[in-house]
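The values are calculated or read from the model by the stated rules, or taken from the named source; none is laboratory data. Values in this document were obtained by computation on a predicted structure and should not be read as measured data. Positions of Cβ are generated from backbone atoms using ideal geometry, with glycine treated the same way; all protein chains shown enter the neighbour counts.
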Ligand SMILES: Cc1cc2nc3c(=O)[nH]c(=O)nc-3n(C[C@H](O)[C@H](O)[C@H](O)COP(=O)(O)OP(=O)(O)OC[C@H]3O[C@@H](n4cnc5c(N)ncnc54)[C@H](O)[C@@H]3O)c2cc1C
């Protein structure tokens, strides 16, 4: 029988660092744990634990509860309202909060465009855009991918033509997460065709309420509305909304992508899901698994992979210099983290067996009464599996991450 003990951090001993540094780490971990137990809104925690879909209001409540501790943008410099967390504190926050039932912090404002603005933006842009991100008053979307320009992002075709004091932007973005909630979109646009494709790209901040913008939902196979197509038809954008230099957008885009990957191991989420699976295995008979001993070995193998990934992430976070771009380690974490999430979700469905054949998207939106197809806990597990298929695609697909590793390490 598999051990009931839930995974708890820190279960991997620190590999280096002084005694007082470890005491600080543990103290910070305890603070995050206390926040999850005492301040995280309980209905948000329950939805996260049940793998249900979170509304914009749920996400806002989560952010407001973080604001009480000054943790909405803990890794930002103090000058811009952050707490100047070290990379290790940031990792501990991500891990411990997700383990404790906090949602994935929708990253587009706080983690992506915020650091681009305070690193490369004008002082007017810093004062206009950073405070509403910190206060969760303005929501952002990421307008990078286009049809035929996903992995090959430099092939993007959305065009911005300068006309006096504004740009006129025309084109299409796709897979734009939560554009339906967004007030602003940071967007890669083509301002020139003259040089290498990367050099003709600029980084533009676009007000989503401007005439000429149409957001069309894409329903994903979990029946939820996460992503969209965004059509831009002669959208007028003031010149002062260009970040940095015209034509230098590719370097800001790469800076942002490296921040994106560093958070992608999601070890806290995998710990939560693995704990859930262990509870399920010990409490609910399976009609899908014939060989119980083999299934137990499978759980132990996943647990070992998770410990190895955590040890890798912790060592990397302890050694990381935040002023340097992350190395290939970020790609390794993205690959291992996303594959492990998928493995755990798949094992959960294997255990549920035929009861996982039913799936009702109505249930994962929290409308239990309307459903006739079995317990919400099953729909939640199926949603985790279905939506999790995307984790090896977004943030740069795992094939592209492998290319990055082979180029850096093998020179291929
Ligand atoms: C749920 C979800 C949310 C997303 N949110 C956003 C968002 O908010 N904003 C945004 O801009 N984008 C977003 N994306 C888009 C995401 O970044 C792209 O889907 C991703 O970069 C892959 O691009 P693509 O879909 O065009 O696939 P393609 O680039 O067409 O790739 C298709 C397949 O070919 C493989 N492939 C491509 N090139 C190579 C190569 N050189 N070597 C080996 N294999 C290769 C890929 O790995 C993939 O398996 C999201 C995607 C998903 C699924």
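What to note about this one:
- So residue 127, is it surrounded by fewer than 16 Cβ atoms within 10 Å (Cβ to Cβ), modelled with pLDDT of 95 or more, over 26 Å from residue 234 (Cβ atoms) and in the same structural domain as residue 206 (by TED's automatic domain parsing): no
- Among the candidates 74, 17, 70, 82, the residue that is in a loop (DSSP other than H, G, I, E, B), at pLDDT below 90 and more than 28 Å from residue 301 (Cα to Cα) is uniquely 17.
- Of all residues in region 384-391, one or more are touching a strand residue (DSSP E or B) at 6+ places or on another chain (Cβ under 9 Å), touching a residue at least 40 places away in the same chain (Cβ under 8 Å) and within 16 Å of the ligand (Cβ to nearest atom).
- From the options 303, 346, 329, residue that is under 21 Å from the mean Cα position of the chain (by Cα), in the same structural domain as residue 379 (by TED's automatic domain parsing) and modelled with pLDDT of 95 or more: 346
- Scope region 304-342; condition closer than 14 Å to residue 275 by Cα and surrounded by 19 or more Cβ atoms within 10 Å (Cβ to Cβ); matching residues: 306, 340, 341
- Positions within region 105-118 being out of contact with any strand residue (DSSP E or B) (no Cβ under 8 Å at 6 or more places or on another chain) and touching a residue at least 60 places away in the same chain (Cβ under 8 Å), in sequence order: 106, 107, 111, 115
- Unique match (being part of a helix (DSSP H, G or I), farther than 22 Å from residue 256 by Cα and within 16 Å of the ligand (Cβ to nearest atom)) among 399, 346, 339: 339
- Filtered residue count, region 158-171, keeping only those that are surrounded by fewer than 19 Cβ atoms within 10 Å (Cβ to Cβ) and either within 13 Å of the ligand (Cβ to nearest atom) or in a strand (DSSP E or B) (or both): 7
- Residue check, residue 208 closer than 30 Å to residue 58 by Cβ, near the ligand (Cβ under 10 Å from one of its atoms), outside the structural domain of residue 397 (by TED's automatic domain parsing) and touching a strand residue (DSSP E or B) at 6+ places or on another chain (Cβ under 8 Å): no
- Those residues of region 213-256 which are within 30 Å of residue 312 (Cα to Cα) and surrounded by 19 or more Cβ atoms within 10 Å (Cβ to Cβ), in sequence order: 250, 252, 253, 256
- Some residue of region 141-150 being touching a helix residue (DSSP H, G or I) at 6+ places or on another chain (Cβ under 6 Å), more than 30 Å from residue 61 (Cα to Cα) and within 16 Å of the ligand (Cβ to nearest atom): yes
- Qualifying residue in region 119-140 (condition: within 14 Å of the ligand (Cβ to nearest atom), in contact with a helix residue (DSSP H, G or I) (Cβ under 9 Å, 6 or more places away or on another chain) and without any contact (Cβ under 8 Å) to a residue 40 or more places away in the chain): no
- Residue 184 being under 29 Å from residue 53 (Cβ atoms), buried (at least 18 other Cβ atoms within 10 Å of the Cβ) and within 16 Å of the ligand (Cβ to nearest atom): yes
- When region 403-412 is limited to residues that are assigned to a helix (DSSP H, G or I) and out of contact with any helix residue (DSSP H, G or I) (no Cβ under 7 Å at 6 or more places or on another chain), the one that is surrounded by the fewest Cβ atoms within 10 Å (Cβ to Cβ) turns out to be 410.
- Residue list for region 179-218, filter: without any contact (Cβ under 8 Å) to a residue 40 or more places away in the chain and closer than 27 Å to residue 110 by Cβ: 207, 209, 210, 213, 214, 215, 216, 217
- Checking each residue of region 96-112 against the condition of being over 28 Å from residue 27 (Cα atoms) and more than 16 Å from the ligand (Cβ to nearest atom) gives no match.
- Among residues of region 142-157, those that are outside any loop (DSSP other than H, G, I, E, B) and surrounded by 13 or more Cβ atoms within 10 Å (Cβ to Cβ), counted: 6
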